Each structure stands twice: as C-alpha cells, then as structure tokens.
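The values are calculated or read from the model by the stated rules, or taken from the named source; none is laboratory data. Just so it is clear, the model here is predicted, and its values are computed rather than measured. Cβ placement follows ideal geometry from the backbone for every residue including glycine, while neighbour counts extend to all protein chains displayed.
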Amino acid sequence: MVIQIPIAVVFSIIVFTTWIVIIKYKNVTKIFPEGWLQFLLILLFSLAWIPIIYQYLDCGILANGFARVKCKGCGHEYLLAFSCKRRHFCPSCHAKRVVGFEEWLCSNVLKSVPHRHFVFSIPKMIRIYFLFDRKLLADLARIAWEVLSLYYKNSVNKKNVMPAAAASIQTFGDFLGFNPHLHILACDGCIIFLRKG
C-alpha cells in the first residue's frame, strides 16, 4: 500500500522551514550551499508531478473503477476501466484525444482538397522569451497565419480569396526540450468567396 501525502502539505512544510531559516539566520549562504534556490525549485517542480504520476499508474485498472458496457441488440457486455484523461503524460489517454481531435477536424473543418503541412519555428536565441511569457505563442500563431495567408493570396492573384488552415502550437521537440513551433495544415490554394447581390 502506498501512502499519498498531499502536495500542499509538503509544499507548505518546505516553504515554512525555508522562511524560518531565512528569518533566523539572515545570511542564507552560511546555511545553504550555493545553488540551494535551484535545488528548492527543482524539488517543488518534481513534487508537483506526484499526483499526475499516481493518476497515470491508476489509469485503466479495473480495481480503481469501471463502467459496464452492454449491447442492447445482442446482449454482449464488457467492463471498461476508468482512465486518467491526462494529455501528454499517459500514452493511451493522449492517443484517444488525438484521434478524437483528428476525427472532428476531418469531418467538420477540412474539405476534400489537397493540403500542405507547414512548420513555423523560431531561433534558439529567443525561445527563452516564449518560455516565460506564453502569450507570445498566440502572437507566433497570428504572425505565421498572416505570412501564410499573404503568400497564398499573392500566388493566386485574384480578388475575394481567402486561404484556409488549421494550426496547432507545440512547445516541445526531441527529448522533450522546450522548442516552441507551429504546425499548420493548409489547403493547397485559396477559397473564393462569392458575394450575393
């Protein structure tokens, strides 16, 4: 049996202890070695993952809860274990979400025309700004769309045309390093808007 300690309790103990030491000794460098703040941040970050890991380990196990699914026509039934519904951490739950989004995109958004896949990335030197200000990712998507739509409008050279695309922001690359970039699936051409009247 595993004893689960609430993350808030552990976090409160660490913060309270650190605060008392700072108040009592004034000079923190005498007590803690260099890099203690980085160690504390890494510890807090790793403690934040504990509930997520427990949810992942409980995912798909019948003993942790299930639903009974029964066919009204033939009477066949089976047990469906509850899932953790975690994106990016649990491979099976993430795959379900990807397939669901893919079906929705194909049936409601994309038309049966040729498409192209574009990837917009940014230089390594300015990625750090995107790490600490996530609102810049929306600007990245907007600017990439403006560039792509301008390219398509100029290549078609007609009035009342608009390109069509679906964009997805991804913030990690190989080996899960921070690499903000944009995947765009665009129609190979433009859509003509006909005005009524």
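To keep it simple, each residue is scored yes or no on (1) in contact (Cβ under 8 Å) with a residue 60 or more places away in the chain; (2) out of contact with any helix residue (DSSP H, G or I) (no Cβ under 7 Å at 6 or more places or on another chain); (3) farther than 25 Å from His88 by Cβ.
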| residue | (1), (2), (3) |
| --- | --- |
| Lys111 | yes, yes, yes |
| Lys124 | no, yes, no |
| Tyr152 | no, yes, yes |
| Gln170 | no, yes, no |
> Got at least one residue in region 40-57 being loosely packed, with under 10 Cβ neighbours inside 10 Å, outside the structural domain of Ile184 (by TED's automatic domain parsing) and among the hydrophobic types (A, V, I, L, M, F, W, C)?
Replying inline: yes
>> Being closer than 26 Å to Asn108 by Cβ and part of a helix (DSSP H, G or I) is the filter here; which residues of region 151-168 pass it?
In response: Tyr151, Tyr152, Lys153, Val156
> With Leu148, Leu185 as the choices, which residue is part of a strand (DSSP E or B), farther than 30 Å from Ile50 by Cβ and touching a strand residue (DSSP E or B) at 6+ places or on another chain (Cβ under 7 Å)?
Replying inline: Leu185
> Can you spot a residue in region 172-181 that is surrounded by 14 or more Cβ atoms within 10 Å (Cβ to Cβ), outside any strand (DSSP E or B) and either hydroxyl-bearing (Ser, Thr, Tyr) or in contact with a strand residue (DSSP E or B) (Cβ under 9 Å, 6 or more places away or on another chain) (or both)?
Replying inline: no
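Answer yes or no: is there a residue in region 108-116 that is assigned to a helix (DSSP H, G or I), more than 20 Å from the chain's Cα centre (by Cα) and either within 30 Å of Cys59 (Cα to Cα) or of a type in the set (Ser, Thr, Tyr) (or both).
no
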>> Quick test of your reading of the structure: Phe130 fulfils all but one of (1) modelled with pLDDT under 85; (2) under 20 Å from the mean Cα position of the chain (by Cα). Name the failing condition by number.
In response: (1)
